[in-house]
């Protein structure tokens, strides 16, 4: 280990330990009368105001992995990686009116998970189970990816073995177990201050050092021109460019749109929203969260800076590109702070995701199928234990499987979580769909998505399948080089099937479940006199 | 997916009361504003150009960053209008 790595590591450890201490203390913050209730452990008492929600949801959605992977994608492909910006611009106006309805109906009925809502809305435990399993499966690799973020940083500091990662995760598991959602909410403050400071310094200092943005983009364009010329000679498609090529414009737009549709279907996003104390908190955050999108745009540009600076990743691990750039361009004390920002940035979403997955298991599998008469105390205990299991599982993913596998799985995760769109998002807007039709749509969308992903090769790793999410329209018989986002096509298939089968089942007068929610549940606000303390679910 | 009409077609937009409480509604013509920041950032032909540059950054990048303002503006306006109507 070099001297500069020692300095980096010392600063990293000090900041990491300070944050862990905050995580443990968080249990006393806004101390509840009884922590052993899912509303407290799993939703922070449903009491967070605008500021806390902003930090919490910001830390939840804009994860360490995003901060590492987006510039890595820009570094590898150029303009395509910038889809993260339109994605996070489109998402808030898109979900604005839907999320406030989700908040209201969940507040009125005490829902903790999106599957709780589906259960009550459609009177179908089966559909709720599908939604819950989809959520858990999509979240698991996402947690694993947060570890990839920490690992990229540890690797750059010269720690190649798995032990530091295991220790970091054990600490995370311990304070999440103790403090629940309060831990990431409190840590998110520190994490964001660090991230904002690091990025603002970075986007001023590095371009200044490299001779300005003009020079950075000129070198990036020259870099891609060279790679594309070599690829053309070998008969391969172009590698990348600083503006979009003709073949990937549709992919860019559908990837941004599809990702935006998927974002608030993820259980951890819902957890962040339900933890807020009122509709106005949600609304104000729809205007305030784009501040992070601006930050993400700046971070994406780091990919081009890395090209201009001649930064190379460690081995074939593209995710080390940003840590390597920091290591190369900054004095070691500042690089240490930047690495801590990424490492701590991974802890916030990892904690929220494991809480969200645990809540899904507790509410929609344990309580529904294993112990129907579970008390709130038993629910909270189950969630606490399951959150440990979930994190342990994610850790095993990283240790025993190629990290590339987690990245592939996360890609699949985005496609599969989109298949809950008709039940959850459209279910919030209308009760028109038949419950069985939604199940049929889910199956069709899932099958279509898996098939498309299966046919996509990855030229870099030589894998024949699950190599990306850009589906070539030529495979459907179109005479074009255009590609489209797999998740978008899959959810369209899902919707078409759900609509057709709804018409069919209605014509056949198939029994539809009862809707346990009422129209004005969807506009209820805080202090509503009719809020139920213990959620009741109606038999399907 | 977010039509400006989430309350369903039968929702009375007036001041009907139920049990003495004014019935709330999310319906408003202002909600249509939300369509703009959803559609504009997806129209790649609008911004897929290198020039003009801003401090050396191609249009593709700075214009998309500027769309953030569009999103913030629309959500803020819709929120404020709804708040005043209460």
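How would A:355, A:307 line up from fewest to most surrounding beta-carbon atoms within 10 angstrom?
A:307, A:355
Could you work out, residue by residue across A:99-108, how many beta carbons of other chains sit within 10 Å of that residue's beta carbon, and then give the average as an integer?
1
Given only helices, namely DSSP H runs of n ≥ 4 each adding -39500 (n - 2.57), what is the per-residue ellipticity at 222 nm of chain A, to the nearest 500 deg cm²/dmol?
When only DSSP H runs of four or more count, the value is -22500 deg cm²/dmol.
Hey, how many Å between the Cα centroid of the range A:468-513 and the Cα centroid of the range B:30-73?
Comparing the Cα centres of the range A:468-513 and the range B:30-73, I get a distance of 29 Å.
Restricting to Cα pairs below 8 Å that are 6+ residues apart, what does the relative contact order work out to for the range B:28-85? Please round to a whole percent.
RCO, the range B:28-85: 43 percent.
Between rounded, prolate and oblate, where does the range B:44-86 land on the alpha carbon gyration tensor, with a ≥ b ≥ c its root eigenvalues, rounded for a/c under 1.5, else prolate if a/b exceeds b/c?
Cα axes put the range B:44-86 in the prolate bin.
Using the Cα gyration tensor of the range A:1-147, with a ≥ b ≥ c the square roots of its eigenvalues, what is the shape: rounded (a/c below 1.5), prolate (a/b larger than b/c) or oblate (neither)?
Judged from the Cα gyration tensor, the range A:1-147 comes out oblate (a/c at least 1.5, b/c at or above a/b).
Extending each Cα 7 Å along its Cβ direction at residue B:32 and residue A:385, get the distance between those two points in nm, one decimal.
5.6
With a ≥ b ≥ c the root eigenvalues of the C-alpha gyration tensor of the protein assembly as shown, is it rounded (a/c under 1.5), prolate (a/b larger than b/c) or oblate?
It comes out prolate by the Cα gyration axes.
Can you compute the FRET efficiency between residue B:81 and residue A:504 using 1/(1 + (r/R0)^6), with r the Cβ-Cβ distance and R0 = 45 Å? Round to the nearest 0.05.
Efficiency, rounded to the nearest 0.05: 0.60.
Over the whole of A:81-90, what's the average partner chain Cβ count within 10 Å per residue? Rounded to a whole number, please.
5
Pop a pseudo-label 7 angstrom from the Cα along the beta-carbon direction at both residue A:10 and residue A:209 and give the gap in nm to one decimal.
2.0
Sorting A:387, A:332 on the 10 Å Cβ count, fewest up front, what's the list?
Final ranking by Cβ density, sparse to dense: A:332, A:387.
Calculate how many DSSP beta bridges within the protein assembly as shown are antiparallel, expressed in % of all such bridges and rounded to the nearest 5.
Bridges in the protein assembly as shown are about 80 percent antiparallel.
Quote the relative contact order of chain A in percent (integer), defining contacts as alpha-carbon pairs under 8 Å separated by 6+ residues.
With pairs under 8 Å counted, the relative contact order is 31 percent.
What FRET efficiency would be calculated for the residue pair residue A:126, residue A:518, taking the C-beta separation as r and a Förster radius of 25 Å, to the nearest 0.05?
That gives a FRET efficiency of 0.60.
What FRET efficiency comes out for residue A:479 versus residue A:197 if R0 is 41 angstrom and r is the Cβ-Cβ distance? Round to the nearest 0.05.
0.20
For the range A:122-150 and the range A:222-265, compute the distance between their C-alpha centroids and round to whole Å.
Using only Cα atoms to place each centre, the spacing works out to 29 Å.
Place a label point 7 angstrom from the Cα of residue A:174 along the Cα-to-Cβ direction, then list the residues of the range A:1-21 whose backbone nitrogen is under 18 Å away.
Counting backbone N atoms under 18 Å from the label point, the list is A:13-21.
How would A:97, B:59, A:347 line up from fewest to most surrounding beta-carbon atoms within 10 angstrom?
B:59, A:97, A:347
Only the coordinates and a few stated rules stand behind these numbers; no lab work does. What you see is a predicted model; the values in this text were computed from it and never measured. Using ideal geometry, Cβ is built from the backbone for each residue, glycine included, and neighbour counts are taken over all protein chains shown.
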